[in-house]
Amino acid sequence: IMDSVFGICGKDWVIVACDTAVNRSIFTLKHDEDKIMNLNTNKVLAASGEQTDRYQFCNYIQKNLQLQAFRTGVELSVEASAQYMRSELAEALRRGPYQVNCLVGGFEHTTGEAKLYWMDYLGTLQQVTKGAHGYAGYFVNSVLDNSFQKDMTLDDGIATLKKCIVELRTRFIIKQPNFVAKIVTREGIKVINLD
């Protein structure tokens with residue numbers, strides 16, 4: 001998958017980043033697609049994969065989480081949201097699989113900590129401190145491993161993702177001119193520019 005999706009999680013913050021290109025075969029169709037969906041005020045879903053599957057799955061998840069919160073008056077935690085997505089992907093495997101790989105990040109107000117979950121199109125789910133999907137994984141996992149520390153600050157996390165983008169632009173044969181990144185903290189979701 002030519003999409004680049006990667007993220008890193010600190011104690012009370014999480015950052016996810018994606019390229020903004022939509023590619024089909026040998027064509028680039030657009031350069032300004034935001035592949036990180038806000039699920040609510042404290043959760044984001046970064047997805048890679050086929051454009052139609054990615055768009056449909058992300059919208060389906062967002063709307064169902066909103067419906068559940070409307071019906072019950074309670075928003076699901078980051079972990080519960082990730083488990084719900086995992087079950088939807090796993091169930092879809094038997095009828096019409098989504099070709100979507102995801103990073104789910106968010107801030108838990110009850111515990112005061114941030115969480116990041118890695119999930120692939122088969123419904124494999126794992127809580128991680130750093131992760132990547134697509135061909136980007138071949139290039140950025142080493143940067144994430146080398147830079148990650150348990151007591152990282154938000155500025156350290158931003159610097160690490162900037163290093164990942166430099167690595168992609170240096171080594172990846174596919175040109176990805178633009179990236180979008182979102183930070184989730186106690187204050188909510190903020191879009192940042194990593195260029």
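The values are calculated or read from the model by the stated rules, or taken from the named source; none is laboratory data. All values reported here derive from a predicted model rather than from experimental measurement. Methodologically, a virtual Cβ is constructed for each residue, glycine included, from the backbone with ideal geometry; neighbour enumeration extends over all protein chains shown. The protein model used for the area step is the full one, side chains on, heavy atoms only, and it has no ligands, DNA or RNA in it. Shrake-Rupley method; radii C 1.70, N 1.55, O 1.52, S 1.80 Å.
For region 96-142, a Kirkwood radius taken over Cα pairs fed into Stokes-Einstein (25 °C, viscosity 0.890 mPa s) yields D = 206 µm²/s. Using 0.36 nm per residue and subtracting the Cα-Cα separation, the extra length available between Tyr138 and Phe70 on full extension is 20.4 nm.
If the chain linking Val166 and Glu187 were pulled fully straight, counting 0.36 nm for each residue of separation and taking away their Cα-Cα distance, it would gain 4.7 nm. Under 16 Å from a label point set 7 Å out along the Cα-to-Cβ vector of Thr153, no amide N atom of region 106-132 is found. Just so you know, the Cα atoms of region 82-121 work out to an Rg and Dmax of 12.4, 38 Å.
Ligands, DNA and RNA left out, the accessible area of region 1-156 computed with a 1.4 Å probe is 50% carbon and sulfur. Here the convex hull built on the C-alpha positions of the chain has a volume of 109 cubic angstrom per residue.
Per residue, the chain reaches -11500 deg cm²/dmol at 222 nm when only DSSP H runs of four or more residues are counted, each adding -39500 (n - 2.57). Can you work out the PRE-style zone for Gln127? Point 7 Å along Cα to Cβ, and I want the residues of region 97-112 with backbone N under 18 Å. From region 97-112, the list is 103-112.
Each Lys and Arg adds +1 at its Cβ and each Asp and Glu adds -1 at its Cβ; summed about the Cα centre, the chain shows a dipole of about 280 debye. Per-residue packing, averaged as other Cβ atoms within 10 Å, sorts the ranges 38-49, 15-26 into the order 38-49, 15-26, beginning with the highest.
Computed across region 1-43, the Kirkwood hydrodynamic radius from all distinct Cα-Cα pairs reaches 12.1 Å. With protein chains left intact and a 1.4 Å probe, residues in the chain average 51 Å² of accessible area per residue.
Distance between the modelled labels on Arg95 and Asn146, one decimal in nanometres: 4.7 nm (7 Å Cα→Cβ projection). FRET efficiency for the Ile26 to His109 pair, using the beta carbon distance and R₀ = 45 Å, is estimated at 0.50.
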